[in-house]
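The values are calculated or read from the model by the stated rules, or taken from the named source; none is laboratory data. Source: prediction; values computed, not measured. Quick reminder, even Gly has a Cβ in these numbers, built from the backbone with ideal geometry, and neighbours come from all protein chains shown. The accessibility values were calculated without ligands, DNA or RNA, using every heavy atom of the protein model including side chains. Shrake-Rupley method; radii C 1.70, N 1.55, O 1.52, S 1.80 Å.
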Amino acid sequence: MSDLKQALTKFDLTMIAIGGTIGSGIFLTPSLIAKNLEAPILILAVWVVGGLMALAGSLTFAELGSMMPGAGGMYVYLSRTYGKLFGFLFGWSYLLVVNTGGIAALSIAFATYLGYFIPMSPTVIRIVAIAGLVLLTLLNIRGVKIGGIFSDVFTMLKLAGIAGVILVGLMWGSSSTTDFAASLPAYPDGIFTVLGAAMVGVLWSYGGWQHASFTAGEAKDPKHSVPFAMVVGALTVSIIYITINVAYMFLLSPQAIGSSSRVAADAVSSVTGLFGGSFIALTIFISTFGSAGIYTLTVPRIYYAMANDGVFFRKVAE
């Protein structure tokens, strides 16, 4: 069997870590969090805590990545640390549930937001989602470098879109829209109950930086570039998430955010009119399509490593 080509640069891996994390979550979950917490200080606090947890995880994976810089990332860490059974369970759960469900959700999301510009029935949306996945698969079959370039381009585009949202909020919004010094409301079920519920959405939004570890076998200087990408990726996403939440609250009050089903679109539209909805729809389409492409690129490296270890169909390793 031929060796994997070490074609991915430090920049490629960093874009994978960032792009694999930022999907649709930051455009949707702030509404659920604001609805539960209401207090601006708590809303920002849970995003800060989530960022610290993501950074702690990335530092842990950075150490493991420098020790075990092979294809498969988390699968390799689990297998070598706790035995093949844990790696086997992790890999099969990723195949049957985690990654399969994640890509399906992202595909429906990008097809749905494409429907903002091209009206489509639910059946057509599903067909477009499947066609998009076929396209991404064919693209990645062309080679890891092609997949890396796709990740670079779409991650940079989604960062540009998010920067636009932040710019609109901080420049055209107002700090007086939200009373950041407001006292905490009464929580009948206890403050820790609502904080725990809010953290579910926060942690879901922060997941994905670990995808950089899956492609370690194809990275240039993996002992340095893979840890760098995961740490910088988690840190960058944390800063973006905290800043964009401030931007949202410059445009809408926490009560308005909590009652909105399209917080990003409603926030931007509050100062830009109808253009805001189109801008956000395009940004979410780019973000979710880009994330689906990254998942299609990275996760098969887990199955490759499993096949090499004999806990998956060996033919898959080819």
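Spin-label model, residue 200 to residue 97: label points 7 Å out along the Cα-to-beta-carbon direction sit 1.5 nm apart.
Measuring only protein heavy atoms, the 1.4 Å probe finds residue 200 accessible over about 100 Å². Taking 7 Å steps out from each Cα toward its Cβ at residue 224 and residue 181 produces label points 4.9 nm apart.
Counting only lysines at least 8 places from residue 84 when in the same chain, those with an alpha carbon closer than 22 Å to its own are 315. Only protein heavy atoms count here; under a 1.4 Å probe, residue 117 has an accessible surface of about 100 Å².
Please report, in cubic angstrom per residue, the volume enclosed by the convex hull of the alpha-carbon atoms of the range 141-243.
Convex hull volume per residue, Cα atoms: 146 Å³.
If R0 is taken as 25 Å, the Cβ-Cβ distance between residue 171 and residue 255 corresponds to a FRET efficiency of 0.60. Across all directions, the average flat footprint of the convex hull enclosing the Cα atoms of the range 1-129 is 12.2 nm². Its Kirkwood hydrodynamic radius, worked out from the mean inverse distance over all distinct Cα pairs, puts the range 65-162 at 16.0 Å.
The alpha carbon convex hull volume per residue for the range 1-55 rounds to 126 Å³. Based on Cα contacts under 8 Å between residues 6+ apart, the chain shows a relative contact order of 44 percent. Between the C-alpha center of the range 1-57 and that of the range 84-110 there is a gap of 18 Å. Ranked from largest to smallest solvent-accessible area, with a 1.4 Å probe on the protein heavy atoms, 199, 67, 156 come out as 67, 156, 199. Computed from backbone phi, the HN-Hα couplings of the range 185-199 come to x, 7, 10, x, 8, x, 5, 5, 5, 6, 5, x, 5, 5, 5 Hz, rounded to whole numbers (Karplus: 6.51 cos²θ - 1.76 cosθ + 1.60, θ = phi - 60°; Gly and Pro given as x). Residue ranking by accessible heavy-atom surface, 1.4 Å probe, largest first, among 130, 22 comes out as 130, 22. Computed over the chain, the quotient of the alpha carbon radius of gyration and 2.2 N^0.38 Å is 1.02. Listed by chain and number, the lysines whose C-alpha is less than 22 Å from the C-alpha of residue 145, apart from same-chain residues fewer than 8 away, are 5, 10, 158, 220, 223.
Of 238, 261, 121, the residue with the largest accessible area leads and the full order is 261, 121, 238 (1.4 Å probe). One equal scatterer on each Cα of the range 84-131, no solvent, Debye formula: the resulting log10 I(q)/I(0) at q = 0.15, 0.19, 0.20, 0.22 Å⁻¹ is -0.48, -0.61, -0.64, -0.71. For the pair residue 138 and residue 116, label points projected 7 Å from Cα toward Cβ lie 2.7 nm apart. Computed with a 1.4 Å probe on the full set of protein chains, the accessible area for residue 236 sits at about 40 Å².
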